[in-house]
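The values are calculated or read from the model by the stated rules, or taken from the named source; none is laboratory data. Predicted model, so just to flag it, every value in this text is computed and none were measured. Neighbour counts are summed over all protein chains in view; Cβ atoms, including those assigned to glycine, are modelled from backbone coordinates with ideal geometry. Just so you know, the surface numbers come from the protein's heavy atoms only, side chains and all, with ligands and any DNA or RNA stripped out. Shrake-Rupley method; radii C 1.70, N 1.55, O 1.52, S 1.80 Å.
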Amino acid sequence: MTAFVLIHGAYQGGWIWAPVAERLHAESHVAHAPSLDGCGERAIQMRPGITTESQAEEIAQLLFHEDLNDVVLVGTSSGGMVVARTAELARERIARLVFVDALVLKPGETIGDIVNRPRAIDTDVATGRPAEERLADLLRDLPRESAEWAAERFGLHPAAAFSRPVELDSFWDRDWDASVIWCRRAANPGEAHQRRCAEALGARWHELDTGHYPMLSEPEALTRLILEG
C-alpha cells in the first residue's frame, strides 16, 4: 500500500483528481486529493497572502498530521510548484515525485515567464478565466456533459501564485526519484518547459495524447503512469 498525495492546478480543487483517486483506492492505495488554500470548496477562504509557499507549507503539515511516509507526491499545472516546495519542506517523507503537465519553475521565475495568457479576472487577491474559455478548453477532450460538469467547478486562484517569484532553497540541487508526464495536446506549459524539468531532475519521461486535464480525459492511462513511475 502506497500513499499518494495529488495536488491540483490553478482554478481547480481536489475534486479534479476524483477519477484517479478512485482508481488508486480500488487498488488498495491511500490517496489524498486536498483542495489548496483558497481553492475549490475552500474558495470562501480566499484572501491576500496565499502563496505557492504557504500552500506548500499546508501540504507538508498534511503529511505530518496524517503520518504519511514514503509518499508519492503528484502535481499538475501550477500544482507542480507546490509539489516542489512541499518536497523541500518534507524531504524525509517523500519517496517519489510525479509532474503531470506541470509547471516546475526555477527560483525567481514567475508563471508569467512561462505562460503568457490574459486573464479576465485579475486583482491583487485573485485571478481567473472566463467560464466560456474554460469550457472551450475542456470540450477539446471531454464529452459536453463532463466538460460542463468540470467547468462549473473551476473558480479563482490566489493571485500571488501567479505574480510572486518562486522561492526554492534546495529543490534543484537534490536528487529526486521523479517522472514527468507531458500531455501532447496541451498548449501550456508546453513541451520545452517540461523537458527542461525532466532533464534537470534526471526524471523519467512519459507522454499522453490528450489535453491539459488528463485526470478527467484519460484517468485510467494516467493512473497507470502514476503507479508505474
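Here are the numbers for the structure shown:
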quantity: Value of relative contact order over the stretch 30-160, rounded to a whole percent, pairs C-alpha under 8 Å and six or more apart; calculated: 26 percent
quantity: Rounded percent of accessible protein surface that carbon and sulfur make up, the chain, 1.4 Å probe; calculated: 47 percent
quantity: Cβ charges +1 (Lys, Arg) and -1 (Asp, Glu), total dipole of the chain, debye; calculated: 360 debye
quantity: Segments 7-19, 201-213 sorted - mean Cβ within 10 Å per residue, highest first; calculated: 7-19, 201-213
quantity: Value of [θ]222 nm, deg cm²/dmol, for the chain, DSSP H segments ≥ 4, -39500 (n - 2.57) each, nearest 500; calculated: -10500 deg cm²/dmol
quantity: Loop-located trypsin sites (Lys or Arg not before Pro) in the stretch 152-203, at most 14 other Cβ atoms within 10 Å (DSSP); calculated: 174, 184, 185
quantity: Most positive-pole-ward Cα, 77, 111, 206, against dipole of the chain from beta carbon charges; calculated: 111
quantity: Accessible area expressed per residue, the chain, with surrounding protein chains retained (probe 1.4 Å, Å²); calculated: 43 Å²
quantity: Where the Cα pairs of the stretch 77-173 fall when distances are cut into 5 Å bins, in %; calculated: 2, 12, 18, 19, 18, 14, 10, 6, 1
quantity: Extension reserve of the residue 187-residue 153 stretch, reckoned as 0.36 nm per residue once the Cα distance is removed; calculated: 10.1 nm
quantity: Over the chain, relative contact order from alpha-carbon pairs under 8 Å, at least 6 apart, %; calculated: 23 percent
quantity: Where labels lie 7 Å past Cα in the beta-carbon direction, separation of residue 196 and residue 136 in nm; calculated: 2.7 nm
quantity: Debye equation applied to the C-alpha atoms of the stretch 57-116, log10 I(q)/I(0) at 0.19, 0.30 Å⁻¹; calculated: -0.67, -1.25
quantity: Computed magnitude of the charge dipole of the stretch 1-93 (debye, nearest 20; Cβ of K, R +1, Cβ of D, E -1); calculated: 240 debye
quantity: Positive-pole candidate from 102, 229, 138, dipole of the stretch 99-229, charges at beta carbon; calculated: 138
quantity: Whole-Å distance, taken between Cα centres, linking the stretch 54-125 and the stretch 147-206; calculated: 8 Å
quantity: Taking only Cα atoms of the stretch 25-95, radius of gyration then Dmax in Å; calculated: 12.5, 40
quantity: Extension reserve of the residue 58-residue 25 stretch, reckoned as 0.36 nm per residue once the Cα distance is removed; calculated: 9.6 nm
